Amino acid sequence: MDKINDINSLDKMISKIVRERSSKRNFLPDLVSIDIVKEIIRDASRAPSGTNTQPWKVTCVTGETKKKLTNAVLEAAESGNSKLEYEYMPSKLKDPYISRKRAVGYALYELYGVKRDDYPARKAAGLRNFKFFGAPVGLFFRMDRELLYGSWLDVGMFMQNIMILARGKGLETCPQQAWCEFGPIVHKVLDIPDDEIIISGMSMGYAAEAPENTLVSERAPLDDFTTFLN
């Protein structure tokens with residue numbers, strides 16, 4: 001009976017950690033122990049990968065390196081010097097995807113106190129990505145460029161593990177593909193070779209109490225995206 005109770009308690013805890021995960025966009029400046037970050041990354045590497053290839057590679061930035069990267073990308077953004085690492089979405093996004101994208105964007109602007117037609121303020125809000133939203137830790141996920149779709153799935157599962165494990169340590173995260181809009185600069189500052197592709201960045205730290213951190217994006221009902229066959 002004790003074992004069953006332990007399993008039930010574990011089930012509830014894991015479900016809560018997963019269910020209540022959301023991307024945070026405002027962090028406290030409080031430092032995060034690098035030993036905790038190492039433990040999270042190490043445990044996350046238990047993610048599955050096809051034939052155990054473990055394609056993921058991680059660059060962790062803090063302190064002066066993080067500041068250097070922020071300054072370099074903000075300068076490039078100001079001068080319009082962007083170059084995509086890869087295309088994340090089709091240029092013409094159809095429904096329901098475009099509607100979901102717009103809905104979460106408008107909801108976030110509202111929490112920021114930014115009007116929909118205030119484009120300078122919208123741009124400023126977007127640039128906060130490159131300040132890691134104030135988080136003390138930045139992670140960059142990369143893999144060999146020659147690898148194919150299966151390895152992208154593997155890295156995604158590895159990233160999800162990190163986001164869930166971070167919550168178990170009292171930390172929060174925000175995955176940020178936005179960094180890939182300035183791929184060459186990230187490569188240069190972080191000394192990432194050209195034969196590796198940067199898949200995403202991620203901010204990690206202790207979440208601040210801020211309106212934007214209350215955003216909980218909607219999820220479609222189960223039956224909208226699941227087919228049960230018997």
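The values are calculated or read from the model by the stated rules, or taken from the named source; none is laboratory data. Remember, predicted model here, so these are calculated numbers, not experimental data. Heads up, the Cβs are rebuilt from the backbone with ideal geometry, glycines too, and the neighbour counts pull from every protein chain shown.
The condition (being over 30 Å from residue 43 (Cβ atoms) and either touching a residue at least 40 places away in the same chain (Cβ under 8 Å) or buried (at least 16 other Cβ atoms within 10 Å of the Cβ) (or both)) is satisfied by just one residue among 101, 83, 92: 83.
Going through segment 31-45 one residue at a time, which ones are surrounded by 11 or more Cβ atoms within 10 Å (Cβ to Cβ), out of contact with any Lys or Arg (no Cβ under 7 Å at 6 or more places or on another chain) and not polar (S, T, N, Q)? Steps first, please.
To start, the set of residues in segment 31-45 that are surrounded by 11 or more Cβ atoms within 10 Å (Cβ to Cβ) comprises 31-32, 34, 36-41, 43-45.
So of that shortlist, the ones also out of contact with any Lys or Arg (no Cβ under 7 Å at 6 or more places or on another chain) come out as 31-32, 34, 37-39, 41, 43-45.
Within segment 31-45, 31, 32, 34, 37, 38, 39, 41, 43, 44 qualify.
Name the one entry in 150, 170 that is under 21 Å from residue 41 (Cα atoms), free of Cβ contacts under 8 Å to residues at least 40 places away in the same chain and not aromatic (Phe, Trp, Tyr). Give the steps one after another, and end with the answer.
Working: 150 fails: free of Cβ contacts under 8 Å to residues at least 40 places away in the same chain.
Exactly one of 150, 170 is under 21 Å from residue 41 (Cα atoms), free of Cβ contacts under 8 Å to residues at least 40 places away in the same chain and not aromatic (Phe, Trp, Tyr), namely 170.
Considering every residue within segment 44-60, establish whether at least one is among the β-branched types (Val, Ile, Thr), touching a Phe, Trp or Tyr at 6+ places or on another chain (Cβ under 8 Å) and at pLDDT 95 or above. Within segment 44-60 (the criterion being among the β-branched types (Val, Ile, Thr), touching a Phe, Trp or Tyr at 6+ places or on another chain (Cβ under 8 Å) and at pLDDT 95 or above), the answer is yes, since at least one residue qualifies.
Only residues that are assigned to a loop (DSSP other than H, G, I, E, B) and modelled with pLDDT under 95 were counted across segment 94-124, and they come to 6.
Give 138, 205 a once-over and let me know the one that is crowded, with 18+ Cβ neighbours inside 10 Å, over 26 Å from residue 13 (Cα atoms) and touching a strand residue (DSSP E or B) at 6+ places or on another chain (Cβ under 7 Å). Full working, then the answer.
Numbers: 205 fails: over 26 Å from residue 13 (Cα atoms).
Only one candidate qualifies: 138.
Just wondering, is there one or more residues in segment 166-177 that are of a type in the set (Lys, Arg), surrounded by fewer than 20 Cβ atoms within 10 Å (Cβ to Cβ) and in a helix (DSSP H, G or I)? Checked segment 166-177: at least one residue is of a type in the set (Lys, Arg), surrounded by fewer than 20 Cβ atoms within 10 Å (Cβ to Cβ) and in a helix (DSSP H, G or I). Considered as a group, the residues in segment 207-224 that are touching a Lys or Arg at 6+ places or on another chain (Cβ under 9 Å) and not in a strand (DSSP E or B) include one that is farthest from residue 26 (Cα to Cα), and that residue is 220.
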